[in-house]
1. Amide H neighbours of residue 66 under 5 Å, counting only residues 5+ apart in sequence or on other chains, H built in-plane at 1.01 Å?
2. Starting from the Cα-Cα distance between residue 67 and residue 50, subtract it from 0.36 nm times their residue separation and give me the gain in nm to one decimal.
3. How do the peptides 50-63, 30-43 rank, highest first, by the average count of neighbouring beta carbon atoms within 10 Å per residue?
4. Tell me, what ³J(HN,Hα) does each residue in region 42-56 have, in order and in whole Hz, if you take phi through Karplus 6.51 cos²θ - 1.76 cosθ + 1.60 with θ = phi - 60° and put x for Gly and Pro?
Amino acid sequence: MTMKKTFGAILLTWTTLALCQDQKSQQFWSGRLSDSMCGASHQTRAAVGKMSERDCIFECIKALAQYVLVDDRDQVIRIAN
């Protein structure tokens with residue numbers, strides 16, 4: 001498992017657990033971690049800056065983007081507390 005996938009799995013698990021604490025029924029979310037600036041695709045921004053998808057996410061977060069979850073249908077789901 002790559003570092004990017006490990007980081008995404010840890011964050012996804014933490015977020016899911018945090019959401020489930022306030023709810024009576026548990027929900028399971030799966031997908032990949034991204035940011036609200038790039039959404040489902042980092043190709044354009046990552047290609048311009050010659051950076052990896054992981055580096056692009058961190059650069060977007062530094063620019064005040066929010067973390068989002070991208071599901072298997074490439075739908076962007078905002079992560080909120």
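Nothing in this text is a laboratory measurement; each read-out follows from the coordinates by a stated rule. Everything numeric here is computed off the predicted structure, so don't read it as measured data. Please note: Cβ atoms are built from the backbone with ideal geometry, for glycine as well, and neighbour counts cover all protein chains shown.
1. Correct list: 36, 37.
2. 4.0 nm
3. Result, highest mean Cβ count within 10 Å first: 30-43, 50-63.
4. 9, 4, 5, 5, 5, 5, 5, x, 6, 10, 6, 4, 4, 5, 5
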